[in-house]
Amino acid sequence: MSERSDVTRRVHPLQEAERAVQPQQAPRSRRAALLGGVGVATLAALLAGCAKDAPQDTWQPAGENARKIDNLQEPVFLIAGIVGVIVFATVGYCMVRFRDRGQDMPKQTHGKPALEIMLTIIPAIILLFVGVFTVSTVFALAKTNDTECIVNVTGQQWWWEYDYPAQPGCMPGGITTPIVTSGELVIPATTRVLLHVTSRDVIHSFWIPKLNGKRDAVPGRDQTLRMEADHPGIYDGQCTEFCGLSHARMRMAAVSLNSADFTTWVTNQTAAYTAPQEGTLAATGQSTFISQCSRCHQVNGLSTTTDGVTTPVLSNPDQYIVAGAAPNLTNLMTRTTFAGATFDLLTQECRDRLYNATPEEFGQLYLQGVTPDCFEEANLRTWIRNAPAMKPMYAAPDETVDGKYRGMPHLNLTENQIDELIAYLQERK
Amino acid sequence: MLTTGSKLLLGGTVASTLAALIWGISNGGASAYVGVIGLLSVALAFGLLFGVNYFVRDCNVPATAPDALTASAAAMPPARRSAWPLVAAFGVGLIALGAVTKPIVFKAGILVVLAASIEWMVQAWSERASSDPAYNDSLRKRLLHPLEFPLLGAIGAAILVYSFSRIMLFLSKEGGPIAFILFGVLILGFATIFALQPTIKRGVVVGICAIAALGIVGAGAAMAISGQREIDRHPIVNDDDGAQCLRTEDQIAGNPEYEEIEHHSSQKVSAKSNPMARVVLEDGQLRAYIVGADQPIDQLTVARSNPGNILFQNHDEGEFRLTAFAGTDVTKVNDTEVKVDRLTCTTLIRKDGEAMLTVNFPKSSAAAAPDAPYTLTVPGLEGQQITVVVP
């Protein structure tokens with residue numbers, strides 16, 4: 001009798017115990033149904049990854065920086081996938097091939113230097129290979145000395161503010177008057193834009209998956225993020241750091257315009273204020289805006305005249321809002337969304353038309369802004385009527401922090417006042 | 001049949017009830033109620049214990065029980081001596097002392113009582129777990145050692161760290177690093193010796209470690225009593241009227257209060273700091289730089305209501321400060337308009353020194369007077385300013 005058979009005759013006590021408690025095998029049909037279910041679920045999960053209509057798909061880069069990330073993650077995922085398949089296949093093979101059929105305990109061995117060295121060296125080589133490319137990509141993404149346009153991005157509960165400093169870059173002739181807007185980050189296409197990302201209250205995270213990775217917005221810190229879009233279009237994003245009650249409704253979009261369209265957009269944003277015509281509903285709306293909204297929301301150029309003295313209407317959100325800021329509404333109707341890029345100002349039809357526009361026609365369509373035909377009035381009306389009902393901003397309706405609100409409170413406006421405000425805001429283009 | 005224990009508790013119940021009756025009859029007023037309620041409570045407690053004792057037949061060991069002599073509760077060895085009641089009493093004393101002195105003493109008392117209660121309870125329980133004292137002891141250790149060792153280790157480490165910190169605070173700024181290096185060398189040296197001499201006696205290692213620990217704790221206690229060295233405080237510019245932010249090097253000369261503030265500030269900023277802009281004074285020129293712009297800028301855009309940091313670097317001879325002007329507050333005092341400029345500033349920064357200035361502009365630039373925009377300036381330096389725009 002060989003040595004092996006002497007040794008393998010022993011049975012481990014655990015094996016005995018397992019055999020004693022082993023249930024009867026499930027019927028073949030039940031096992032087949034289970035395997036079928038798992039297979040269908042796996043297939044569904046795999047097929048979900050093939051969706052074309054995925055606006056926040058990091059696998060569909062639309063800019064230089066996102067492409068750098070993609071160029072790194074694809075081979076890394078491939079390597080990880082191959083390693084995963086090998087590991088799962090090996091484990092699966094061992095589980096099936098050497099499963100307990102009542103056989104004797106196999107011979108136990110310890111130590112196999114050649115195998116152990118190989119299993120150390122191969123992962124080390126793989127990690128070194130991945131590490132070299134990762135580090136070079138990280139450095140390339142952190143570059144700040146070759147950008148052509150600067151935009152300050154400030155997050156707060158639960159919207160993003162974008163301000164464009166006066167600068168020689170961004171467009172021919174540069175930006176001469178600072179611009180402030182919200183919700184949609186408008187950038188010139190094929191231009192390396194540098195975002196200075198920060199926050200007014202808690203930590204947020206800025207992420208437009210098709211244009212670059214994410215960058216945390218941290219109060220008191222100035223973090224940079226490169227961004228470049230290959231062609232005109234609209235790219236959706238989402239705050240990716242849990243930041244409070246309406247974190248899920250803190251969305252953003254980057255709008256890329258060609259150079260000429262971007263220049264037009266800048267010109268629109270810095271145009272002088274146009275007051276509504278006397279006697280119109282919008283003119284009444286202006287008064288309502290001043291009395292009800294201007295404490296927090298700024299409309300540049302808005303002023304009041306008393307006894308021949310003209311005084312600019314200046315908002316004081318620092319006195320009413322925890323974050324100390326509220327969206328500037330000077331050019332509200334040049335955007336397609338409001339309230340943290342969450343609700344549409346465009347009807348579904350117009351929105352689809354804009355999202356599906358070719359790069360050549362996109363700019364002109366976007367610059368039209370919210371036309372009367374495309375205006376989704378119901379959303380704005382519901383918002384003004386009771387904002388917290390659409391976007392929860394505080395746990396209790398009357399909850400404040402030192403007398404300040406976290407977001408827009410319920411203003412208890414009359415339907416007439418809402419009509420007036422909508423008429424006024426529709427002219428903010 | 002009533003057991004001995006039951007008889008005792010029954011007697012206590014009857015006696016307490018009688019005492020309550022006698023007290024109630026012999027006393028009047030509020031004290032009668034208090035006494036009667038107290039004694040009846042005692043009677044109730046005795047009654048309850050009697051009931052429990054009677055029904056569970058505690059200590060009632062039949063003579064015929066085969067393991068009565070070894071396994072029954074009555075056959076258990078008597079409770080061993082325990083220091084925990086003493087510790088608990090000490091904790092109660094601390095609570096009382098803390099109630100009239102400092103909250104920290106009170107909290108320490110609570111912790112001591114809690115720890116003593118747990119230890120006492122587990123010890124008492126384990127001593128009754130079986131008739132084998134060795135097994136009982138191992139049971140107690142198995143339960144409490146996972147709690148005791150980490151806690152005692154943490155407390156020991158905390159005492160050592162605290163003692164060491166007292167030593168470092170006592171030593172001079174120059175002596176501190178030397179002592180630190182010395183401690184490090186000693187630890188490394190002894191550790192090397194222990195590692196190279198595996199046959200060294202355990203008692204020697206324990207003795208050296210104990211002497212070192214006692215030395216640190218003793219030295220720490222002595223130096224804590226002696227008090228810490230004089231530590232320079234960072235100045236805080238109390239500048240309600242903004243005047244300090246406009247004072248130049250010449251204007252503070254000879255004023256001890258101002259000089260104390262200005263000349264003891266840190267002149268270095270951590271490399272990990274993250275300013276939104278860098279303002280540099282060089283060759284009499286004030287320039288601002290932001291990341292991403294390759295040329296200096298003369299107009300800095302700052303988001304409203306968002307405190308941000310600006311790094312000020314002085315490369316010129318002399319001492320200069322950076323002052324931010326964020327508008328003017330107008331208030332009425334006795335029907336008279338009082339205007340106060342919102343100024344924030346660094347302290348005076350020496351040549352090649354730097355400091356961080358935290359600025360906050362709560363209002364947009366539109367709120368600034370046309371002839372007084374928001375600015376960053378260096379008092380005493382004419383014609384140089386960075387305009388701040390708050391959209």
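Entry comment: accessible area of region A:281-425 is 45 Å² per residue, from protein heavy atoms only and a probe of 1.4 Å.
Nothing charged except the Cβ atoms of Lys and Arg (+1) and of Asp and Glu (-1): what's the magnitude of the dipole of region A:281-425 about its Cα centre? Round to the nearest 20 debye.
Numbers: 9 positive and 16 negative charges, 66 e Å.
That gives a dipole near 320 debye.
A simple spin-label model places the labels of A:VAL85 and A:ALA272 6.8 nm from each other, with each point 7 Å out along Cα-to-Cβ. For B:LEU2 and B:ALA158, a Förster radius of 45 Å and the Cβ-Cβ distance give a FRET efficiency of 0.25, rounded to the nearest 0.05.
To the nearest ten degrees, helix A:281-292 and the longest principal axis of the Cα atoms of chain A are 70 degrees apart. Distance between the C-alpha centres of region A:115-173 and region A:293-351: 33 Å, rounded to the whole angstrom. Between B:SER31 and B:ASN360, residue separation times 0.36 nm minus the direct Cα-Cα distance comes to 111.8 nm. Burial annotation for region A:144-160: residues with an accessible-area loss of at least 10 Å² between the isolated chain and the complete set of protein chains, computed on heavy atoms with a 1.4 Å probe, are A:THR144, A:THR147, A:ILE150, A:ASN152, A:THR154. Taking 0.36 nm per residue of separation and subtracting the Cα-Cα distance, full extension of the segment from A:ASP402 to A:THR190 would add 71.8 nm.
For B:ILE225 and A:THR109, a Förster radius of 51 Å and the Cβ-Cβ distance give a FRET efficiency of 0.20, rounded to the nearest 0.05.
Label separation (B:ASN334 vs A:GLU415): 5.6 nm, computed from points 7 Å beyond Cα along the C-beta direction. What does the C-alpha gyration tensor say about the overall shape of region A:270-405? Classify as rounded when a/c is under 1.5, otherwise prolate if a/b is larger than b/c, or oblate. Oblate. Computed in the context of the full set of protein chains, the accessible area of the protein assembly as shown at 1.4 Å probe radius has 63% of its extent on carbon or sulfur. Rounded to the nearest 500, the helix-only mean residue ellipticity at 222 nm of chain B stands at -17000 deg cm²/dmol, with each DSSP H run of n ≥ 4 adding -39,500 (n - 2.57).
Rounded to the nearest 20, the size of the Cβ-charge dipole of the protein assembly as shown about its Cα centre is 4780 debye, with Lys and Arg at +1 and Asp and Glu at -1. Before we go on, tell me the buried accessible area for the A/B pair, both chains summed, 1.4 Å probe, in Å² to the nearest 100. That pair of chains buries around 1900 Å² in total.
With each run of n ≥ 4 DSSP H residues scored as -39500 (n - 2.57), what mean residue ellipticity at 222 nm is computed for chain A after dividing by its residue count and rounding to the nearest 500 deg cm²/dmol?
Working: 13 runs with 169 residues, N = 429.
That comes out to -12500 deg cm²/dmol.
With 0.36 nm allotted per residue and the present C-alpha distance subtracted, the B:PHE55-B:ILE187 stretch has 41.1 nm of extension available. Computed from Cα positions, the angle between helix B:84-100 and the longest principal axis of chain B comes to roughly 40 degrees.
For a Förster distance of 22 Å, can you work out the FRET efficiency between the beta-carbons of A:ASN71 and B:ASP294, rounded to the nearest 0.05?
Details: r = 27 Å, r/R0 = 1.24.
So the FRET efficiency works out to roughly 0.20.
Let me see the pair-distance distribution of the protein assembly as shown: every alpha carbon pair, 20 Å bin width, integer percents in order. Result returned by the calculation: 10, 26, 28, 25, 11, 0.
Secondary structure note: in chain A, about 70% of the DSSP beta bridges are antiparallel. Each DSSP beta bridge with both residues in region A:270-429 is either parallel or antiparallel, and the antiparallel ones are about 90%.
Using a 4.7 Å Cβ-Cβ cutoff, the cysteines of chain A lacking any partner cysteine are A:CYS50, A:CYS94, A:CYS239, A:CYS243, A:CYS293, A:CYS296.
What angle do you read, to the nearest 10 degrees and between 0 and 90, between the alpha-carbon axis of helix B:133-170 and the longest principal axis of chain B? Computed tilt is about 30 degrees.
Beta bridges from DSSP with both residues in the protein assembly as shown: antiparallel share about 75 percent, rounded to the nearest 5.
Please compare each pair in B:LYS272/B:LYS351; A:LYS143/A:LYS391; A:LYS107/B:LYS141; A:LYS143/A:LYS210 to a cut-off of 30 Å on the Cα-Cα distance and tell me which ones are over it.
Numbers: B:LYS272/B:LYS351 21 Å; A:LYS143/A:LYS391 37 Å; A:LYS107/B:LYS141 39 Å; A:LYS143/A:LYS210 19 Å.
From B:LYS272/B:LYS351; A:LYS143/A:LYS391; A:LYS107/B:LYS141; A:LYS143/A:LYS210, over 30 Å: A:LYS143/A:LYS391; A:LYS107/B:LYS141.
The values are calculated or read from the model by the stated rules, or taken from the named source; none is laboratory data. Source: prediction; values computed, not measured. With ideal geometry, Cβ positions are generated from the backbone for all residues, glycine too; neighbour counts draw on all protein chains shown. Side chains included, ligands, DNA and RNA excluded: accessible areas come from the protein's heavy atoms. Shrake-Rupley method; radii C 1.70, N 1.55, O 1.52, S 1.80 Å.
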